[in-house]
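Written below as structure tokens is the structure these notes are about.
Readers should treat all values here as calculations from the given coordinates under stated rules, not as data from a laboratory. Fair warning: this is a prediction, and the values are worked out from it, not measured in the lab. We place every Cβ from the backbone using ideal geometry, glycine too, and count neighbours over all the protein chains shown.
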Amino acid sequence: MGDNFEDVDAGAESTFVGNQTGTFLVVGFPGFPYPDGLVPGTTYYWRIDEVNDSEPNSPWKGKIWSFSIPPKTAYLPDPIDGAEFVDLGATLNWTPGFGAKLHTVYLGDSFEDVNNAGGGSPQGAATYKPANPLESEKVYYWRVDEFDAFETHKGDVWAFTTPGAVGNPQPANGAVDVQMNATLNWTAAETATSHELYFGADAEAVDSATNASPEYIGPRALGAESYDPGGLGWHDSYAWRVDEVYPTETVKGLVWTFTTADFILVDDFESYNDVDPPDPNSNRIFDKWVDGFGTTTNGALVGNDLPPYAEQTVVHGGAQSMPYLYDNNLKTSEATLTLVYPRDWTTAGVTRLSLWFRGASDNAAERMFVALNDTAAVYHDDASVTQMTGWNNWIIDLSATGGFADQGVDLANVNTITIGFGTKNSPAAGGSGKMYFDDIRLYR
């Protein structure tokens, strides 16, 4: 048992409590583990390994469980920290700190003022309704101090914005698995005249940065609410901030954060929509994954005939996958995506292509292949792969003997990826079926 997941998982010596035959353990009292008591605001992890010395497979490692001791400070604010566009008539709520009897609330539009405030009037309820409605286009800060009859515990400073303020960050605040080619975008405040942009790898540094700091990117004109950082790191964390400039003042924005992925996305099928041409926003799945529609030599049909064009029920991750009908009656089936990004399949040291697929037991047994640049094809080891049920992960070594590189593909310049059934360029008598594909990625 301990407050570090990795230590408990690894069975570090400091986490070992002892062997016992009973099925309960007292902690947090003199004479027991943690004799000084469990620490408020701490999450503890614990694990039970089952032992039978007469069994050769003993011990059996248990799952890791956890529990948390409430902090003495207020927590779980509502609105949540960083909330956007909060209603002007909102009531502030929170969960009282452990043992709290009275609460003192501070609210304002200056972090420094709220953080340094003191001498407020305590109250018994864990809720606060501002005397006057909140103002639009504002960044508000608030703090709740808790009194437990012995001492006052100063709370964290939380923040939120009201309608009209700068917001809608993309990537979203707290986003994970962001791609390394991501561009930052945001929505300007309603009456701002320009922006000041800050960006870096350290959230605290971004929060405290000024226009003399290395995190300062520079001014951005109204209508230019976008920034390309020029390539992000592999599985790294980033923070950014947009201050809004007004004729009489500059209002500091909230700090937004995101984490990049430990993979490069080829396609997760989430961007496709049901908008038909000639609408310029049309992005239908079968317009990008070109199949055999209208041909007599290609038996592939991607997508659904009617909206939703992408599959939205049978998915591996996210909200959409690609449905794929194949018909190999004297033909092969191929669907091809022309790549815009990623085309360099050597960048960041990637070595493997991963895709998830799902077949059905009543599908006709056919070979499945992935081809790059419409030439080199790699086949799945199972000749009846189309009959595999559930979601299955196919991982292809990009540099394997006989693979793409050996077949002449320049992995630094991949133009297309094809998913096919049958033997490429060798049509034969075959059958039909339906497959699903999702989460095509490159890994190291």
Cα-only Rg/Rh for the stretch 1-145 with Kirkwood Rh rounds to 1.17
So how strong a dipole does the stretch 172-260 carry about its Cα centre when Lys and Arg Cβ are +1 and Asp and Glu Cβ are -1, to the nearest 20 debye?
100 debye
Considering only 301, 411, 38, give the residue with the highest GNM mean-square fluctuation for the chain, with springs between Cα atoms whenever their separation is below 10 Å.
38
The answer for GluC sites (Glu not before Pro) in the stretch 227-307 that fall in a DSSP coil and have at most 13 neighbouring Cβ atoms within 10 Å is 249
Using a ≥ b ≥ c from the Cα gyration tensor of the stretch 298-396 (square roots of the eigenvalues), is it rounded, prolate or oblate, where a/c under 1.5 gives rounded and otherwise the larger of a/b and b/c decides, a/b for prolate?
rounded
What is the set of long-range amide H partners of residue 273 at a cut-off below 5 Å, with H atoms built 1.01 Å from backbone N?
283, 284, 285
Most mobile of 37, 155, 403 in a GNM of the chain (Cα contacts under 10 Å):
37
Paramagnetic reach from residue 93 in the stretch 67-81 [backbone N under 14 Å; point 7 Å along Cα→Cβ]
75-80
Which of the peptides 14-24, 224-234, 338-348 is most tightly packed, and how do the rest follow, going by the mean number of other Cβ atoms within 10 Å of each residue?
338-348, 224-234, 14-24
How would the stretch 172-260 be classified by its alpha-carbon gyration tensor: rounded, prolate or oblate, with rounded meaning a/c under 1.5 and the a/b versus b/c comparison settling the rest?
prolate
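Sort the stretch 266-443 into rounded, prolate or oblate with this rule: let a ≥ b ≥ c be the square roots of the eigenvalues of the Cα gyration tensor; rounded if a/c is under 1.5, and if a/c is not under 1.5, prolate when a/b is larger than b/c, oblate otherwise.
Since a/c stays below 1.5, the shape of the stretch 266-443 is classed as rounded.
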Can you compute the label reach from residue 34? Point 7 Å from Cα along the Cβ direction, backbone N cut-off under 17 Å, restricted to the stretch 44-81.
44-48, 64-73
For the pair residue 364/residue 415, report the inter-label distance in nm, with labels modelled 7 Å from Cα in the Cβ direction.
3.1 nm
Partner lysines whose C-alpha sits under 21 Å from that of residue 252, ignoring same-chain residues fewer than 8 away, are 138
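For the stretch 14-88, just run the numbers: alpha carbon Rg, then divide by 2.2 N^0.38 Å, N being how many residues it has.
1.70
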Around residue 290: net Lys/Arg minus Asp/Glu count, Cβ-Cβ under 13 Å
-2
Test of understanding: what is the full-extension gain from residue 297 to residue 125, defined as 0.36 nm times their sequence separation minus their Cα-Cα distance?
54.6 nm
Estimated distance in nm for a label pair at residue 423 and residue 281, the labels positioned 7 Å out from Cα along Cα-to-Cβ
4.8 nm
What ranking do 111-120, 70-79, 316-325 get when scored by the average of other Cβ atoms within 10 Å per residue, highest first?
316-325, 70-79, 111-120
Given the peptides 163-171, 278-286, arrange them by the average over their residues of other C-beta atoms within 10 Å, most packed first.
163-171, 278-286
Starting from the Cα-Cα distance between residue 177 and residue 194, subtract it from 0.36 nm times their residue separation and give me the gain in nm to one decimal.
3.1 nm
Once you place label points 7 Å from the Cα toward the Cβ at residue 407 and residue 76, how far apart are they in nm?
5.5 nm
Once residue 399 and residue 154 are pulled to full extension, the length gained, defined as 0.36 nm per residue separation minus their Cα-Cα distance, is 82.5 nm
Taking the alpha-carbon set of the chain, what are its Rg and Dmax in Å?
28.5, 85
